[in-house]
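Some notes on the structure that comes next.
The values are calculated or read from the model by the stated rules, or taken from the named source; none is laboratory data. As the structure is a computational prediction, the values presented were derived from the model and not from experiment. Quick reminder, even Gly has a Cβ in these numbers, built from the backbone with ideal geometry, and neighbours come from all protein chains shown.
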Amino acid sequence: KAGVTQTPRYLIKTRGQQVTLSCSPISGHRSVSWYQQTPGQGLQFLFEYFSETQRNKGNFPGRFSGRQFSNSRSEMNVSTLELGDSALYLCASSSRATNTGELFFGEGSRLTVL
Amino acid sequence: AQKVTQAQTEISVVEKEDVTLDCVYETRDTTYYLFWYKQPPSGELVFLIRRNSFDEQNEISGRYSWNFQKSTSSFNFTITASQVVDSAVYFCALSLANQAGTALIFGKGTTLSVSS
């Protein structure tokens, strides 16, 4: 069974640009969530989608957005990039509709903002 | 507000030593879930265990064991006879049952280094 796939794995952008990251969940999983990991703030929840609906959102500015498609694949977008957006962005999928399920994580997309 | 604290930033042990990773959580909710995840150098987090707030039974899985104590709001993780392959960053996390969707609150992680 294929795991969670994130693309691209690495990317470099400059301040002010925007970026789109993609996540393909495990087949059959309908929940996709995104996390930002930085050395200073650690792992922080961005948002979670289930059946194309955003169910929960973390405390991030509106520059961070996401969406989920009918095939459960998800994208997140960061507009007007800032240096502080440099991070590892992790996507996770789950087969459960509630918090009781374990999350399966991808290897992440490492974004560097110059 | 919810919070997870992992006071140990880094731990170094020699192979075959036992090691305990501490986790203390804060929440006013009565129904919640606690997790441990392992992050190897490749980056992806690997699920290790989930516990719900009504189940204080300790659990053992091979060399891994977990001790959940609501009285001290702790959910500690012990690796017995550690091995080099156990070297990784370990995260403790909390989620609330009454929250729509899956949103984990992570601690800052403990980096475990096991040398041979």
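Return only the number of the condition from (1) of a type outside the set (Val, Ile, Thr); (2) within 12 Å of another protein chain (Cβ to nearest Cβ); (3) part of a loop (DSSP other than H, G, I, E, B) that A:Arg15 does not satisfy. Unmet condition: (2).
Among the residues of the range A:68-83, not a single one is closer than 27 Å to B:Lys3 by Cβ and within 14 Å of chain B (Cβ to nearest Cβ). Taking into account only those residues within the range B:69-82 that are part of a strand (DSSP E or B) and modelled with pLDDT of 95 or more, which is farthest from B:Val19 (Cα to Cα)? For the range B:69-82, the residue satisfying everything is B:Ser74. Here the strands (runs of 3 or more DSSP E) wholly within the range A:53-114 that include at least 3 residues being within 16 Å of A:Ser31 (Cα to Cα) are A:53-57, A:64-68, A:74-78, A:87-94.
If the condition is being more than 10 Å from chain A (Cβ to nearest Cβ), assigned to a strand (DSSP E or B) and either hydrophobic (A, V, I, L, M, F, W, C) or more than 30 Å from A:Arg110 (Cα to Cα) (or both), then the range B:18-59 contributes B:Val19, B:Thr20, B:Leu21, B:Val24, B:Glu26, B:Leu34, B:Trp36, B:Arg51, B:Glu59. Scanning the range B:96-111 for residues that are within 11 Å of chain A (Cβ to nearest Cβ), under 13 Å from the mean Cα position of the chain (by Cα) and part of a strand (DSSP E or B) turns up B:Ile105, B:Phe106.
Return yes when B:Ser116 is loosely packed, with under 13 Cβ neighbours inside 10 Å and within 14 Å of another protein chain (Cβ to nearest Cβ) and no when it is not. When the stated conditions are applied, B:Ser116 does not pass them.
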